[in-house]
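Reviewing the structure listed below.
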Amino acid sequence: MEFMKKIEEISKIVGSTATSTYNTVADKSGKLIEETKLKLAISDKEADIEEIYKEMGKTVYDMYKSGEDVGKVFTKECKKIDKSNLEILDMNTKILYNKGIRVCNTCGEMIPVASTFCQNCGEKQKPVKIKENKKETKKEEKNEDKVCPTCGQICESKAKFCAKCGFKF
């Protein structure tokens, strides 16, 4: 009986360690994947801006050639560029946030996300607001499996009990 208790204790420790390791790796890889997705999206937005610049240049030149005034025609295109630049700023903010960093509103210094005041210039900081993509958040929530700390069984995220040993999550 004593031998079985020791085996049970060891398996609990192994299960707990495996769960902890799994959760740490999952968290880090999830953040890395999210950062990569954001960087790809930034690259796409920058390519969109370059394409708009090209189209603007061609249109301006064509209008110039035909003797037209080119002053107010590009307001719409410029607004598209402004929108893309704001989206890039939001994505870069999210990348920094995932790393626990933010940029000071006043001096531009990198500071911890939780900072109320900048450690460089002393200015009070506004809270960081991250825009979540609701569709991606729901997909990620559905894919997060639970690992039983007792037996190490991987269970669905919505499971209330382990399917193998009955542990209550």
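Of all residues in the range 143-155, none satisfies being at pLDDT 85 or above and either on the phi < 0 side of the Ramachandran plot or open to solvent by 60 Å² or more (accessible area, probe 1.4 Å) (or both).
Taken as a whole, the condition of being in a loop (DSSP other than H, G, I, E, B) and at pLDDT below 80 does not apply to Lys139. When the residues of the range 121-133 are filtered to those that are at pLDDT 90 or above and assigned to a loop (DSSP other than H, G, I, E, B), the one that is surrounded by the fewest Cβ atoms within 10 Å (Cβ to Cβ) is Gly122. Would you check if there is a residue in the range 58-68 being outside any helix (DSSP H, G or I) and either open to solvent by less than 70 Å² (accessible area, probe 1.4 Å) or in contact (Cβ under 8 Å) with a residue 12 or more places away in the chain (or both)? Yes: the range 58-68 contains one or more residues that are outside any helix (DSSP H, G or I) and either open to solvent by less than 70 Å² (accessible area, probe 1.4 Å) or in contact (Cβ under 8 Å) with a residue 12 or more places away in the chain (or both). Is it the case that the range 17-34 has a residue that's under 20 Å from Gly152 (Cβ atoms), polar (S, T, N, Q) and in contact (Cβ under 8 Å) with a residue 60 or more places away in the chain? Yes: one or more hits.
The rows are residues; the columns are (1) farther than 25 Å from Ile101 by Cα; (2) exposed (fewer than 12 other Cβ atoms within 10 Å of the Cβ).
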| site | (1), (2) |
| --- | --- |
| Ile7 | yes, yes |
| Ile13 | yes, yes |
| Thr17 | yes, no |
| Ser20 | no, no |
| Glu34 | no, no |
| Lys37 | no, no |
| Ile42 | no, no |
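Looking at Lys54, Lys83, just one residue is in a helix (DSSP H, G or I), open to solvent by 100 Å² or more (accessible area, probe 1.4 Å), of a type outside the set (Phe, Trp, Tyr) and within 25 Å of Pro127 (Cβ to Cβ), and that residue is Lys83. Filtering the range 27-68 to residues that are among the β-branched types (Val, Ile, Thr) and under 24 Å from Lys80 (Cβ atoms) leaves Ile42, Ile49, Ile52, Thr59, Val60.
Just to be sure before I move on: is Lys5 of a type outside the set (Gly, Ala, Ser), without any contact (Cβ under 8 Å) to a residue 40 or more places away in the chain, part of a helix (DSSP H, G or I) and under 26 Å from Glu87 (Cβ atoms) in the structure I sent? It is false that Lys5 is of a type outside the set (Gly, Ala, Ser), without any contact (Cβ under 8 Å) to a residue 40 or more places away in the chain, part of a helix (DSSP H, G or I) and under 26 Å from Glu87 (Cβ atoms).
If you filter the range 105-120 down to residues that are in a loop (DSSP other than H, G, I, E, B) and more than 24 Å from Thr36 (Cα to Cα), you find that the one that is most open to solvent (accessible area, probe 1.4 Å) is Gln119.
The values are calculated or read from the model by the stated rules, or taken from the named source; none is laboratory data. Values in this document were obtained by computation on a predicted structure and should not be read as measured data. Because the Cβ atoms are built from the backbone with ideal geometry, glycine has one as well, and the counts that use them run over all protein chains shown. When the accessible area is computed, the model is the full protein with side chains, heavy atoms only, and any ligands, DNA or RNA have been set aside. Shrake-Rupley method; radii C 1.70, N 1.55, O 1.52, S 1.80 Å.
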